[in-house]
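Q: Structure in structure tokens, see below.
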Amino acid sequence: MEISHLIPVDTFQSGFTACPFLLLDKVDSVPLKDSELGVHKVTSRTNHPLVVPPAAADTVDWPAPSLAWEAFYPQGSINPPARIPGGFGFYLSGPPAFAAKLESGATHVVLSYRMMLQSGWEWVKGGKLPGVFGGEGDFSYACAGGRQDSRCKCFNIRPMWRSKGLGELYTYLPLTANNRERLLAVPPSSKENSDYGFSVGRSAFKFDIAVGKWVSLSFRVKLNTVGAEDGELELWVEGKSVIKAVGLTLRDSEHSRIKGAHFQTFFGGHQDDWASSKDQRAWFADLSGVIIE
């Protein structure tokens, strides 16, 4: 990968990175530490230790991360509240200067990280990976897990792997007719899940490239002008735009904000047939973000 894949836009106001090899003007370097990155609301019964990750199976153009957050998915584990919790979950707002710009009303943001799945990874039926969240105040922290009420006050956009490593964006956005039409039009395949969110762009990419190798994921979120349908979301994998949706509504109030990253990962689904088939691990590093406007 090219390290510039972490910030796949040419123009931005300011930003941060935990990647020591990414040296750009207006981008502050920070360590991959909870205290430096505004980590909060850590899911009970999970942890995200900072470890030295294993060597990647393939060589890459840029050095592999020397430290990473490790997610552990025990055999039989599904989502964190389940009998056997797996993965981890927390929210982060970024370093203080970045978080302050989010809270003051930044409307166009990119957040990125690198990830690696262990060699011999088994997909089962699927699972979630870290993404972006936002909304009005505390409503922003509850826009997932099947929530249907107050959906106009929050949004949550996370990648998901499916069986055989097929990738998609799993989105919770305000429930408008236009959002439904726009999301279902995203190729190659999109689906409305009746009790949960929308599966957007399924099979637009595959996560098999992350098995034993470091891969970059970057998320661009642009809030709509209140009263207009001009919001946008986009996902890059290894610097390539693989999913994009425009003409969206992400908010209906000026009080709604892009809050940061919902850094959550687990197998599931909520049923046992989604559970990890064996003990497995994944690693996450080089968290980065920029304010476009």
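The values are calculated or read from the model by the stated rules, or taken from the named source; none is laboratory data. Quick caveat: nothing in here was measured; it's all calculated off a predicted structure. Note that we place each Cβ from the backbone using ideal geometry, even for glycine, and neighbour counts take in every protein chain shown.
Q: In region 35-49, which residues are buried (at least 18 other Cβ atoms within 10 Å of the Cβ) and not in a loop (DSSP other than H, G, I, E, B)?
A: Within region 35-49, LEU37, VAL39 qualify.
Q: Return the pairs, sorted by first residue and then second, in which the second residue is assigned to a loop (DSSP other than H, G, I, E, B) and among the acidic types (Asp, Glu), the first residue lies in region 272-293 and is touching a residue at least 24 places away in the same chain (Cβ under 8 Å) and surrounded by fewer than 21 Cβ atoms within 10 Å (Cβ to Cβ), the beta carbons are less than 9 Å apart, and the residues are 6+ apart or on different chains.
A: SER277/GLU122; LYS278/GLU122
Q: On to the next question. Determine which member of the set LYS101, LYS125 is of a type in the set (Lys, Arg) and over 20 Å from PRO8 (Cβ atoms).
A: LYS125
Q: Still on this model: What number of residues in region 238-262 are in contact with a strand residue (DSSP E or B) (Cβ under 8 Å, 6 or more places away or on another chain) and within 20 Å of LYS213 (Cα to Cα)?
A: Here the count works out to 4.
Q: Which of the residues belonging to region 91-122 are crowded, with 19+ Cβ neighbours inside 10 Å and on the phi > 0 side of the Ramachandran plot?
A: Answer for region 91-122, where residues must be crowded, with 19+ Cβ neighbours inside 10 Å and on the phi > 0 side of the Ramachandran plot: just GLY94.
Q: Given (1) surrounded by fewer than 16 Cβ atoms within 10 Å (Cβ to Cβ); (2) assigned to a loop (DSSP other than H, G, I, E, B), identify the lone condition not met by LEU32.
A: (1)
Q: Quick one: count up the residues across region 177-203 that are at pLDDT 95 or above, in a loop (DSSP other than H, G, I, E, B) and out of contact with any Asp or Glu (no Cβ under 7 Å at 6 or more places or on another chain).
A: Residues flagged as at pLDDT 95 or above, in a loop (DSSP other than H, G, I, E, B) and out of contact with any Asp or Glu (no Cβ under 7 Å at 6 or more places or on another chain) within region 177-203 amount to 7.
Q: Moving to a separate point now. Assess whether VAL132 counts as being crowded, with 18+ Cβ neighbours inside 10 Å, hydrophobic (A, V, I, L, M, F, W, C) and touching a helix residue (DSSP H, G or I) at 6+ places or on another chain (Cβ under 9 Å).
A: No; evaluated as a whole, the condition is false for this residue.
Q: Further question on the same structure: I'd like to know if region 206-216 contains one or more residues that are part of a loop (DSSP other than H, G, I, E, B) and surrounded by 23 or more Cβ atoms within 10 Å (Cβ to Cβ).
A: yes
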